[in-house]
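The values are calculated or read from the model by the stated rules, or taken from the named source; none is laboratory data. If you're wondering where the values come from, they're calculated on a predicted model, not measured in any experiment. Here the Cβ positions follow ideal geometry from the backbone for every residue, glycine too, while neighbour counts run over all protein chains shown. Heavy atoms of the whole protein, side chains included, go into the accessibility calculation; ligands, DNA and RNA do not. Shrake-Rupley method; radii C 1.70, N 1.55, O 1.52, S 1.80 Å.
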Amino acid sequence: GSKEYIPHLPQTRLTIDIQKDHAGHDITEDPSEPYLEWAMKKGISSRIVNRMVQEGSLYFLGGIPHYRYRTGVKVRYDMTSSSSSRWQEGGPHSIWRFKRVLSWDVEAVWMTEGESDCMLTQELVSDKIAVVALPNATYEMSSAEARAIGGRPVVTMFDNDKAGIAATERIHKALKGITEPVAMPWVAGDPKDLCLLGRAGLLEKIRALGK
């Protein structure tokens, strides 16, 4: 398997309890049909959904998606409303899929505000890019997380609104002196939310980043 560099990150009792509480069949429950239909409408393929399940970042209980963070589990009860998300255990004190950043084969790190934006972006870029998600737009990146990213290129793909702009400034400040992040190339007339770009619009933005 690939080697992983594990920086010093606080290990909480909660993390251990989550692993024990959800060990076994519940973690590997197949994605529900409603969830897959919702993902497809957003341009997210079943391949990416299953990849999130296989890596342990996402699992389903009773058809309801549970997003596993290092510091808790975020449950989305209604796929039509992001405000339906609740922390079943723990809280928003870590970055979703951050373990992927720790792999040696990762050459760049891209950040989004939410899990669905993260999955759609990962769908459209190379596997050598680790796409991760902040739990919310007010998240404060820790110095340990910044050091773990190191000097690799970082792209921040936060929403085109006041909260997204503030998140961009905050994360770029946290990475100052470590790497030089590049922000999402929003232009006049773009929608406020990244998800509203759709698959084709997001792909166009990604191509613009490469120019």
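For the condition surrounded by fewer than 15 Cβ atoms within 10 Å (Cβ to Cβ), acidic (Asp, Glu) and free of Cβ contacts under 8 Å to residues at least 40 places away in the same chain, what is the one hit in Asp190, Asp161, Asp127? Write out each step before concluding.
Values: Asp190 fails: surrounded by fewer than 15 Cβ atoms within 10 Å (Cβ to Cβ); Asp161 fails: surrounded by fewer than 15 Cβ atoms within 10 Å (Cβ to Cβ).
None of the other options fit; the residue is Asp127.
Go through region 1-78 and tell me which strands (runs of 3 or more DSSP E), entirely inside it, have 2 or more residues that are closer than 30 Å to Glu204 by Cα, open to solvent by 50 Å² or more (accessible area, probe 1.4 Å) and at pLDDT below 90. Spell out the reasoning first.
Values: elements: 58-61, 64-69, 72-76.
Because the criterion is at least 2 residues that are closer than 30 Å to Glu204 by Cα, open to solvent by 50 Å² or more (accessible area, probe 1.4 Å) and at pLDDT below 90, no strands (runs of 3 or more DSSP E) in region 1-78 meet it.
Just to be sure before I move on: is Glu145 under 24 Å from Met52 (Cβ atoms) and touching a residue at least 24 places away in the same chain (Cβ under 8 Å) in the structure I sent?
Values: under 24 Å from Met52 (Cβ atoms): yes; touching a residue at least 24 places away in the same chain (Cβ under 8 Å): yes.
Yes, satisfied.
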Against the condition open to solvent by 10 Å² or more (accessible area, probe 1.4 Å), closer than 19 Å to Leu120 by Cβ and charged (D, E, K, R), how does Arg86 come out, does it pass?
no
State whether the residues of region 166-184 include one that is more than 24 Å from Ser82 (Cβ to Cβ), at pLDDT 95 or above and either touching a Gly at 6+ places or on another chain (Cβ under 8 Å) or among the hydroxyl-bearing types (Ser, Thr, Tyr) (or both).
yes
